[in-house]
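Below you'll find the structure, written out as structure tokens, and then a few comments.
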Amino acid sequence: MSAGARPEGAVDDPGVHRALGLTDDEAGAIGRILGRAPNHLELAMYAVMWSEHCSYKSSRIHLRRLPTEGPGVLVGPGENAGVVDAGGGVAIALRIESHNHPSAIEPYQGAATGVGGILRDIFTMGARPVALMDPLRFGPLDDDRSRWVAAGVVAGISGYGNAVGVPTVGGEVVFDGCYAGNPLVNVLCAGLLPVERLVLGQATGVGNLAVLLGSATGRDGIGGVSVLASAGFGGDAAAEEAKRPNVQVGDPYEEKRLIEACLQLLDEHLLVGIQDLGGAGLACATSETASRGGVGMDVDVTAVHRREPGMRAWEVMTSESQERMLAIVTPDDLERLLAVCERWEVRASVVGRVTTTGRLRVLEGWGGEVQADVPAASLHEDAPLYDRPRRRPADLDRRADDDPARLPPPEDPGKDLAALLLDPSWVYRQYDHQLFLNTVVGPGSDAALLRLAAPGVPGGEGRGFALSTDGNGSWCSLDPRAGTALVVAESALNVACVGARPVAVVNCLNFGNPEHPEVMWQLSEAVDGMAEACRALGLPVVGGNVSLYNESRGADIDPTPVVATLGLVDRLERRPPGVAFAAGDRVVLVQPPGTRPSLGGSLWAVRRRGHRGGRLSPLDLAAHLRLLGLVTGLVADGLPSGVHDVSAGGLGVALAEMAVGGGVGAALAGVADHVGLFGEGPSRVVFCVPPDRLGTLTQRARDAGMEAVELGGGGGDRLVLDGLVDVAVADLAAAARGIAGWW
Amino acid sequence: MTVTVGVVVFPGTNCEHDVAAATERLGASARLVWHADGRLGDVDAVVLPGGFAHGDYLRPGAIARFAPVMAAVETFAAGGGPVVGICNGFQVLTEAHLLPGALQKNRGLRFVCETVEVEVASDRSVLTRGVDPGRRLRIPINHFEGSYTCDPDTLAELVGQDRIALRYTDNPNGSVADIAGVCNEAGNVVGLMPHPERACDPLLGSDDGLVLLGALIASSGAPLTGSPAAATATA
């Protein structure tokens, strides 16, 4: 059979496409696209490309409502990463992803390969990855399995991230029962690039070559994005193979060499385009590059360097083996590319050729049998789009009316306060957070603050950028729209607290089963809340990831949209004030007048009383925008000696964290009761300020339309809130470190 | 004359740019030296920086010690040239037997990244020359295999010959005798687990590392005298 002939092996049995995760309608659509019945390989490629993970078929219709454009946006959603212009010829590439399900099954490798995948998304854009952050959510640690998952995930991030040589500069660690069966392991990566090095994942130039770089392709992770691995579709042998673990194994050393080789290839202008291989493997990388470039591609499966013999074409095309990239080069540059790869000990095989046809053809050797022949663009552009049914949860009104303020107040608020503290240093001291000499503020603060610098990226001297990741499932469970807006507001405020101007966000939308109408309603509401807040605060959404089917034993997780905010610092001359009190300085709460915190969805109500009802405190976005400007300005001008936003746990936890952070207590008054102590709400910041600057701070707060409430002064070794709390700072610190005692 | 520091890069090394930046901050010039090259070129000092050479596979430093560049490093060291191994570089130097002992997994069996306090214990090394013993410095550590160990005879020799360059004031990893850094008999080959290059800028929290790297650069301008190695140096 010669090249150009139609592929053989049309599949008639509907059991095959169903086992691959395709519906009958989807299979029909494929037949109409091809004008004939597809064969096994073609079905397998459509199945992975049209999976929820790759196609966003349930969420796309909603994501369109997010604002994605802004003056600094160089690349928005849809590419491998968002790219924001930082000025001076420097750009920042940003992406967040989830690796929830792999981490639930195999915590170490699940988390490790999550790190590996996000790094490839970043250097695919031409950026050097310079920072990782990990928002993590687990079940409570008194559960053996949750402890195993949490320890494994942290070890995986540490093991991969440290060895691959990219610092992990922050994140979140949250424990809640709703994540016990389905942990959330999100990972954010930021990279820096000279604007002119920006590349897109596209193939152009007929006759150009597609070169597969990196690890050998094996049978690991086949159909990781769909249900392929649970289906036998080649007889008994395939059924046996399907029993292999689905979670891929990461090799950070391979990835490190791949990063260095790719950056050198980009610096030497040897690449026409480059694309990482992640979910759906070669099928995805070849079709996406061809489709974006408006061309076709012929792929020779026999040329793919493989880990094991006997692999079938569909296995090679859909394998999710880690640490692989697809580079598009001109034939003239091939020799030089191979030399660079040899230097970095990176394997390279020419596996594809750019054609004029617009079709993705899979061949058994050049000029050999045609195994598949499909329109390249159809694999992702023609993916189905679903508007799944949505329904407001029936119990939402009842929960909203169940106000936790009616619960009996705590007998000893100081004891409750200590119990709510969590010092995550046990986690982050396992992460290299200092590599590249950029980390001005590392993990454990409101936001990470880094110098705008990386090897090979000039132009950011004297400037910085900040990153914060934030989520709150308790808020979003009560009201996904308002809760998500609160999360956006908090994330922006966090970067302001280190003196940065928030400029863009990326999101990771962690939700339950989209076939549950309540989950789709939550997703839709969350998107609207995010859109509204981002618009009002001037924050384009430059990228995102949707993780659905986060459920266990039929119970969905709380809706948990995670927002990561990027901020810029124009003059990075000094370290920002810490989350700390300073002895002799005044403690001031700055907030919009009339702020009323609420216990609804608060850490105190959920954690101390197991109560998940009530209403969220309202958010005034116009006031919040003014607050952001105020806080950024005050910190940038070096006015306060300490600063911390009020977030989960309320004013009490914010004050306790400042006491522990500085090792200095405070004598404070003005908090009436436990609602004032533990109530949560937006747009509040605690400052510690030298007495001679108090007047300036107060005046600037008033100018911004805020009230500045003087709570008292820092000093001593106890945190005293008149009439409510009187506890030794050392005891608070010891309580916060309790997390380490579980191991 | 400007001191040139050769910074050795193995595949998997990741602190080479940081070390180069820190030495340049001190007025020296830095040159990256590729592991597969058999020559160091015209350098006044050599730093083996941190990272995960060859992925730390088999054992940290176990593969890197066979790299062609290591023969050149050995010759340079034998000629009295200053050689400093930081973190993974320290591990390479012990595997290459340019320094005694070994680095094993931390007490607690976890990776540790944090700023610790070390005390200069001897001024005999090129990294501590001219620094008052007893001086305390705040410098980050960042390692999984940083627990220094050696047999009792070696320890007695290190103590007897005043070759313990740095000690932890609050041992973070279980190292024997709180050892954070040691040197060879001549004092020109030093290994340490802390990363002085990470403490060279007040913006990042500490510039105590300049004390050590400054001593290295000063030593590189004026080779050690009186040591047997230097006396027979031909290179």
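List the GluC sites (Glu not before Pro) within region A:491-536 that fall in a DSSP loop (any state other than H, G, I, E or B) and whose Cβ has at most 15 other Cβ atoms within 10 Å.
Values: sites: A:Glu515, A:Glu518, A:Glu525, A:Glu532; in loops: A:Glu515.
Sites meeting the loop and neighbour criteria: A:Glu515.
Per DSSP H run of at least 4 residues, take -39500 (n - 2.57); add these up for the protein assembly as shown, divide by its residues and hand me the 222 nm value, nearest 500 deg cm²/dmol. Please list the in-between numbers first.
Details: 30 runs with 300 residues, N = 978.
So the helix-based figure for the protein assembly as shown works out to -9000 deg cm²/dmol.
Using only alpha carbon pairs under 8 Å that are at least six residues apart, calculate the relative contact order of chain A and give it in whole percent. Walk me through the intermediate numbers first.
Details: 1930 pairs, mean separation 111.1, N = 743.
Relative CO of chain A lands at 15 percent.
Quick one: pull the percent of accessible area on region B:4-234 belonging to carbon and sulfur, 1.4 Å probe, ligands and nucleic acids left out.
On the way: 4060 of 8210 Å².
The value for region B:4-234 is 49 percent carbon and sulfur by accessible area.
Classify region A:37-195 as rounded, prolate or oblate, taking a ≥ b ≥ c as the square roots of the eigenvalues of its Cα gyration tensor: rounded when a/c is under 1.5, otherwise prolate if a/b is larger than b/c and oblate if not. Walk me through the intermediate numbers first.
Values: a/c = 1.74, a/b = 1.17, b/c = 1.48.
It comes out oblate by the Cα gyration axes.
How many percent of DSSP beta bridges within region B:4-234 run antiparallel, rounded to 5?
60 percent
Show the residues, 5+ positions off or on another chain, whose built amide H is closer than 5 Å to the amide H of B:Leu32.
Placed amide hydrogens put B:Val7 under 5 Å from B:Leu32.
Note down the magnitude of the dipole of region A:369-485 about its Cα centre, charges +1 on Lys and Arg C-beta and -1 on Asp and Glu C-beta and zero elsewhere, to the nearest 20 debye. Don't skip to the end; give the middle numbers.
Numbers: 12 positive and 19 negative charges, 48 e Å.
Dipole size: approximately 240 debye.
In nm, give the distance between the simple-model label positions of A:Glu381 and A:Asp401, each being 7 Å from the Cα along the Cα-to-Cβ direction.
Output for this residue pair reads 5.3 nm.
Measure nothing but the geometry: give the 0 to 90° angle between the long axis through the Cα atoms of A:694-703 and the longest principal axis through the Cα atoms of chain A, rounded to 10°.
Rounded to the nearest ten degrees, it is 60.
By its C-alpha gyration tensor, with a ≥ b ≥ c as the square roots of the eigenvalues, how is region A:590-743 shaped: rounded for a/c under 1.5, else prolate for a/b larger than b/c, else oblate?
oblate
Expressed as an acute angle from 0 to 90° and rounded to the nearest 10, what is the orientation of the C-alpha long axis of helix A:334-343 relative to the principal long axis of chain A?
50 degrees
Determine the shape class of chain A: with a ≥ b ≥ c the square roots of the Cα gyration tensor eigenvalues, call it rounded for a/c under 1.5, and otherwise prolate if a/b is greater than b/c, oblate otherwise.
Cα axes put chain A in the prolate bin.
Could you tell me which helices of chain B pass both thresholds, a Cα extent of 15 Å or more along their own axis and a mean Kyte-Doolittle hydropathy of at least -0.5, with helices taken as whole DSSP H runs? Don't skip to the end; give the middle numbers.
Working: long enough: B:68-78 (16 Å, 1.32); B:209-221 (19 Å, 1.90).
Span-like helices in chain B: B:68-78, B:209-221.
Where the centre of each part is set by its Cα atoms, how far does region A:29-100 sit from region A:616-688, in angstrom?
Here the two parts' Cα centres lie 38 Å apart.
How much length would be gained if the chain were fully extended between A:Thr204 and A:Asp570, taking 0.36 nm per residue of separation minus their Cα-Cα distance, in nm to one decimal? Don't skip to the end; give the middle numbers.
Numbers: separation 366, 0.36 × 366 = 131.76 nm, distance 3.78 nm.
Once the chain is fully extended between A:Thr204 and A:Asp570, it gains 128.0 nm.
Would you kindly state how much longer the chain becomes between B:Ala177 and B:Asp151 on full extension, computed as 0.36 nm times their sequence separation minus their alpha carbon distance, in nm to one decimal? Don't skip to the end; give the middle numbers.
Numbers: separation 26, 0.36 × 26 = 9.36 nm, distance 1.16 nm.
Taking B:Ala177 through B:Asp151 to full extension adds about 8.2 nm, to one decimal.
Residues in region A:552-591 near a label at A:Asp717, defined as backbone nitrogen under 16 Å from the 7 Å Cα→Cβ point?
A:583
Where in region A:403-428 does the amide nitrogen come within less than 20 Å of the point 7 Å from the Cα of A:Arg609, taken along Cα to Cβ?
So the set is A:403-421.
Taking chain A as the reference, fit the longest principal axis to its C-alpha atoms, fit the long axis of helix A:107-123 to the helix C-alpha atoms, and give the angle between the two in degrees, 0 to 90, nearest 10.
Approximately 80 degrees, to the nearest ten.
So for the protein assembly as shown: antiparallel DSSP bridges make up what percent, rounded to the nearest 5? Before the final figure, lay out the partial values.
Working: 119 of 158 bridges.
If we restrict to bridges inside the protein assembly as shown, about 75 percent are antiparallel.
Put a dot 7 Å past each Cα toward the Cβ at A:Arg60 and A:Ala339; how far apart are the dots in nm?
My value for the distance between the label points is 4.3 nm.
Round to the nearest 10 and report in Å² the accessible area of B:Tyr57, as given by a 1.4 Å probe over the protein chains' heavy atoms.
B:Tyr57 has an accessible surface of roughly 100 Å² with all protein chains in place.
Compute, for A:Glu254, the solvent-accessible surface of its heavy atoms (probe 1.4 Å) with the complete set of protein chains present, and express it in square angstrom to the nearest 10.
10 Å²
Can you give the extra length, in nm with one decimal, that the chain gains between B:Leu58 and B:Asp162 once fully stretched, where that is 0.36 nm per residue apart less the Cα-Cα distance? Write out the running numbers ahead of the final one.
Details: separation 104, 0.36 × 104 = 37.44 nm, distance 3.21 nm.
Full extension of this stretch gives 34.2 nm more.
B:Glu117 versus A:Ala728, label points 7 Å from Cα toward the beta carbon: distance in nm?
Inter-label distance under the simple model: 2.1 nm.
How high is the FRET efficiency between B:Asp37 and A:Asp25 when r is their beta carbon distance and R₀ equals 51 Å, given to the nearest 0.05? Numbers along the way, then the final one.
Working: r = 61 Å, r/R0 = 1.19.
Once the sixth-power term is evaluated, E becomes 0.25.
When only the heavy atoms of the protein chains count and the probe is 1.4 Å, how do A:Asp134, B:Asp201 rank by accessible area, highest first?
Values: A:Asp134 5, B:Asp201 30 Å².
The ranking, largest first, comes out as B:Asp201, A:Asp134.
The values are calculated or read from the model by the stated rules, or taken from the named source; none is laboratory data. Everything numeric in this text was worked out from a predicted model, so none of it was measured. Cβ: placed from backbone, ideal geometry, glycine included. Neighbour counts: every protein chain shown. Accessible surface is based on the protein model in full, side chains and every heavy atom, while ligands, DNA and RNA are left aside. Shrake-Rupley method; radii C 1.70, N 1.55, O 1.52, S 1.80 Å.
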